[in-house]
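Visitor: Sharing a structure with you now.
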Amino acid sequence: MFKKNRNPAACFIELVPFIEGEDHWNGEVEVNIITDSDNPLNDESYSSLVHLCQLVASTVALMERDPTLVEKLEDFVSETEANLKKVNKPTVIQKVEGNVVSISFQKETKH
């Protein structure tokens, strides 16, 4: 569900899956670009933002034509996820003694 208070300057790319039966996605999608009719951007900025959305949205069709693009995007996503895991390492409490808490930032902790 979309937030009712979303930024009116935002553009959204909507992927609508084609459903077979009640719950099976057949792999096809309809790609829509959604903008607010009250978008506050000037005409040039609005056109530039919509053009960026068109470029991003067109990658769906382009992936069908160029399988190497899929590989490049998969590599990029994997690299990005790996970097996020490094940045968002969970802290793990190793022990608590009185008002002293020992924590470890390593992936695995030894108990």
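Visitor: Hey, S47 hits all of (1) part of a helix (DSSP H, G or I); (2) surrounded by 12 or more Cβ atoms within 10 Å (Cβ to Cβ); (3) over 22 Å from the mean Cα position of the chain (by Cα) but one; which does it fall short on?
Guide: (2)
Visitor: What number of residues within the stretch 40-60 satisfy the criterion of being modelled with pLDDT under 95 and under 10 Å from A10 (Cα atoms)?
Guide: Count: 0.
Visitor: I'm trying to understand the selection: among the residues of the stretch 1-40, which are of a type in the set (S, T, N, Q), over 12 Å from V60 (Cα atoms) and assigned to a strand (DSSP E or B)?
Guide: N26, T35
Visitor: Go through the residues of the stretch 61-82 one by one and say whether even a single one is under 18 Å from the mean Cα position of the chain (by Cα), closer than 27 Å to A9 by Cβ, at pLDDT 95 or above and among the hydrophobic types (A, V, I, L, M, F, W, C).
Guide: no
The values are calculated or read from the model by the stated rules, or taken from the named source; none is laboratory data. Treat the numbers as computed from the prediction; the structure is a model and nothing was measured. No Cβ is skipped: glycine too gets one built from the backbone with ideal geometry, and neighbour counts run over all protein chains shown.
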